[in-house]
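First the structure, in the form of structure tokens, and then the observations on it.
The values are calculated or read from the model by the stated rules, or taken from the named source; none is laboratory data. Because the structure is predicted, anything quoted here is derived from the model rather than measured. A quick note on method: Cβ atoms are made from the backbone with ideal geometry, for glycine too, and the neighbour counts reach across all protein chains shown. These area figures cover heavy atoms from the full protein model, side chains too; ligands, DNA and RNA do not enter into them. Shrake-Rupley method; radii C 1.70, N 1.55, O 1.52, S 1.80 Å.
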Amino acid sequence: MNEHTGQVPLLEVRHLRKLFPAKSAFLSREKTYIKAVDDVSFTLMPKETLGVVGESGCGKSTMGRSVLRLIEPTSGEILYKGEDFTKAKEATLRKMRSDMQIIFQDPYASLNPRMTVGEIIAEPLNIQKRYATREETREQVIRVMKVVGLNPKYYNRYPHEFSGGQRQRIGIARAIALSPSLIVCDEPVSALDVSIQSQVLNLLRDLQESMGMAYIFISHNLSVIKHISDRVMVMYLGHVVEMADKKDLFATPCHPYTQALLSAIPVPERHSKRKKILLQGDLPSPANPPSGCIFHTRCFMAADICSVEKPELRDLGNGHFCACHFCGNCAGKETKKESKRNMES
Ligand code: SF4
């Protein structure tokens, strides 16, 4: 139960970890692991959109896929509608999966070029044996094509005959065919032209309103996240460093990493006084993450304690969480006015 809204979560993720074995040093017997997702916890309410943002390589896509068990998590709990999804056996897993779908980033690579549009959209319906006859399945496919703005006369066409935006509509149609309650949208607009991006985002919002689905919306683009999300989770090197209601996060970013990300959003000329925070160095390797605060090697506010002690993800009130030793009295106050303008622009 969410203590702020009193609602029961659709999804509860607790201490999720995903480690990948890494190549060990020559002649070394020690096994090393890439910590792609490290101790991630969050909840998602029905019909809510949780935006997940961070640089590429921060573990956001691995997290999204682990939540659906497309990649097996190393440890942690995933409760879906109160049921433990991590322990579900094949039959239950299949049933639960029909309620959880994914939209992939690349509409070129994610559609089978040998299948027609009709066959692609019908695939999840056939796997789940949703309808008894071919005719009923075909009717559902045509219904869904209309909902996403695809002309049913394209039923027998192949993916290569479509533009990027239309292919993503095919991917969306496949994801909503079973009327799921949760969709993981993994960078669904980053491969599209900017002119097409807003059409696809608006379609996703309309579908959410009419079908009542919840989204985990993964993107490296904060403008896209700002457009679509209710709440935002900021990830860095496999960890959650800040999580808050969208308005709070954009108006009063607390974590220095979030502040740096927000400062990079382009703003209109009249607000050009805003200072851009440049992060030092590259993203460290997740196989060998920094000690203490994982962000200390690039943080403009780092102090001695930061390389020694790991900051907890603290609740600052109103569902705003931040993992920084100095949250509460951080530079967020200085950037507050700038960020408020950011929200207004
Ligand atoms: Fe920066 Fe230290 Fe806060 Fe980490 S704990 S974000 S290094 S100030």
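Dipole size in debye (nearest 20) for the range 273-313 around its Cα centre, Lys and Arg Cβ +1, Asp and Glu Cβ -1?
It comes to approximately 460 debye.
Electrostatic tally near Ala191: other residues with Cβ closer than 14 Å to its Cβ, Lys and Arg +1, Asp and Glu -1, net -2.
Here the accessible area is traced with a 1.4 Å probe on the protein chains. For the chain, carbon and sulfur cover 49 percent of it.
When only Cα pairs below 8 angstrom with a gap of at least 6 residues are kept, the chain shows a relative contact order of 19 percent.
Computed with a 1.4 Å probe on the full set of protein chains, the accessible area for Leu313 sits at about 60 Å².
Averaged over its residues, the chain has an accessible area of 50 Å² per residue, based on protein heavy atoms and a 1.4 Å probe. Percent of Cα pairs in the range 109-184 per distance bin of 10 Å, from zero to the largest separation: 20, 58, 21, 0. Across the range 173-267 the C-alpha pair distances fall into 10 Å bins from zero in the proportions 14, 45, 32, 9, 0 percent. Expressed as a whole percent, the proportion of Cα-Cα pairs in the chain lying more than 39 Å apart is 18%.
Taking packing as the residue-averaged number of other Cβ atoms within 10 angstrom, the listed peptides 255-263, 133-141 run from highest to lowest as 255-263, 133-141.
Considering only Pro9, Pro152, Tyr108, and ranking their Cα positions along the charge dipole of the chain that arises from unit charges at the beta-carbon of Lys, Arg, Asp and Glu, the one farthest toward the positive end is Pro152.
Kirkwood radius and radius of gyration were both taken over the C-alpha atoms of the range 244-328, and their ratio Rg/Rh is 1.00.
Between amide H atoms placed 1.01 Å from N, distances below 5 Å from Val52 occur with Phe217, Ile218, Ser219, Met233, all of them 5 or more places distant or on a separate chain. The orientation-averaged shadow of the Cα convex hull for the range 1-145, equal to a quarter of the hull surface, comes to 12.7 nm².
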